[in-house]
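The values are calculated or read from the model by the stated rules, or taken from the named source; none is laboratory data. Quick caveat: nothing in here was measured; it's all calculated off a predicted structure. Please note: Cβ atoms are built from the backbone with ideal geometry, for glycine as well, and neighbour counts cover all protein chains shown.
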Amino acid sequence: MAFVDFHQVWLAYNDELMAQGQYAVEDINLQVEEGEFIAIVGPSGCGKSTFMKLATGLKRPSKGTVIIGGQEVTGPLKITGMAFQAPSLLPWRTTVQNVMLPLEIVEPYRSQFKQKKAEFEARARKLLQSVGLGGYEDKFPWQLSGGMQQRASICRALIHEPKMLLLDEPFGALDAFTREELWCILRDLQAAQKFNVILVTHDLRESVFLADTVYVMSKSPGRFVVKRHIDLPRPRNLELTYTPEFTAIVHELRGHIGAMRKQGAEVAQ
């Protein structure tokens, strides 16, 4: 059984739009194996973020079913962690306190938090050290660079050991060097812990470097029109991104998106 299974999923944001046949995403069929890393790319407004809301249980489908971890999704999932383009760290909490936040909210950790606080804090500090934030655990967000804040945000998403990590443009606001550094950190964390990842990104290089499979979404209403297995060997290093094999896959994906944009422009005329 697939770990993530979208079966003929359609979503309209309200009953009126549904009655008019106006869907944000349509006929989504997707099966993701346990431990698989997938990336979703496509033009702006195609429904990538809507897909993420369905995967987390923040939205329920108008038609079809979403099954994750063998259970139909009927509400917000506890087995997922999320990170977004903006780190959204609480400014009055230190880095380690920000990372520990899910343990104060999510069961079964919440009920154990007071008695196990020292153990949880040690776990958070170890995780921060693994992403290069050793020595910054007791700093406040305003004392960290953008890249450091995003590392802390990823640690916060992983501290409760979720089975699936959902990433919505997590590196989009960072400079190219910091972005590539964080690609490698995410690559190493996922290789070590084997959690599932769903990454939404506009960066085709990012998707090809990190993912096992890349899906291309059409313009709204969004649906998957291309599924591309990335058959580049792991572990992948940054030198790979300059090879002809890597570049060919990026160009292939760019061609699909370019064709959709051209088609959309012709329809608009």
(request) Answer yes if at least one residue in region 242-250 is within 30 Å of Val96 (Cα to Cα), in a loop (DSSP other than H, G, I, E, B) and of a type outside the set (Lys, Arg), and no otherwise. (result) no
(request) Determine, yes or no, whether Asp175 is within 22 Å of Leu127 (Cβ to Cβ) and either modelled with pLDDT under 95 or of a type in the set (A, V, I, L, M) (or both). (result) no
(request) Select, from Glu180, Glu169, the only residue that is in contact with a strand residue (DSSP E or B) (Cβ under 9 Å, 6 or more places away or on another chain), under 23 Å from Ser44 (Cα atoms) and of a type in the set (D, E, K, R). (result) Glu169
(message) With out of contact with any Pro (no Cβ under 6 Å at 6 or more places or on another chain), of a type outside the set (A, V, I, L, M) and modelled with pLDDT under 95 as the only criterion, which of Arg151, Arg125 stands out?
(response) Arg151
(request) Give just the number: which of (1) closer than 24 Å to Gln85 by Cβ; (2) of a type in the set (S, T, N, Q); (3) in contact with a helix residue (DSSP H, G or I) (Cβ under 9 Å, 6 or more places away or on another chain) does Thr247 not satisfy? (result) (1)
(request) Scan the helices (runs of 4 or more DSSP H) fully inside region 1-118 and keep the ones with 2 or more residues being in contact with a helix residue (DSSP H, G or I) (Cβ under 8 Å, 6 or more places away or on another chain) and farther than 24 Å from Ala192 by Cβ. (result) none
(request) State the number of residues belonging to region 241-269 that are exposed (fewer than 15 other Cβ atoms within 10 Å of the Cβ), modelled with pLDDT of 95 or more and among the aliphatic types (A, V, I, L, M). (result) 1
(message) Quick test of your reading of the structure: Ala122 fulfils all but one of (1) in contact (Cβ under 8 Å) with a residue 24 or more places away in the chain; (2) within 26 Å of Asp188 (Cβ to Cβ). Name the failing condition by number.
(response) (1)
(message) Can you say whether Ala191 is within 30 Å of Arg125 (Cα to Cα) and free of Cβ contacts under 8 Å to residues at least 40 places away in the same chain, as far as the supplied structure shows?
(response) no
(message) Give me the residue from region 130-145 that is at pLDDT 95 or above and assigned to a helix (DSSP H, G or I) and, out of that set, surrounded by the fewest Cβ atoms within 10 Å (Cβ to Cβ).
(response) Trp142
(request) Give the residues of region 169-199 that are of a type in the set (D, E, K, R) and surrounded by 16 or more Cβ atoms within 10 Å (Cβ to Cβ), sorted by residue number. (result) Glu169, Arg179, Glu180, Glu181, Arg187
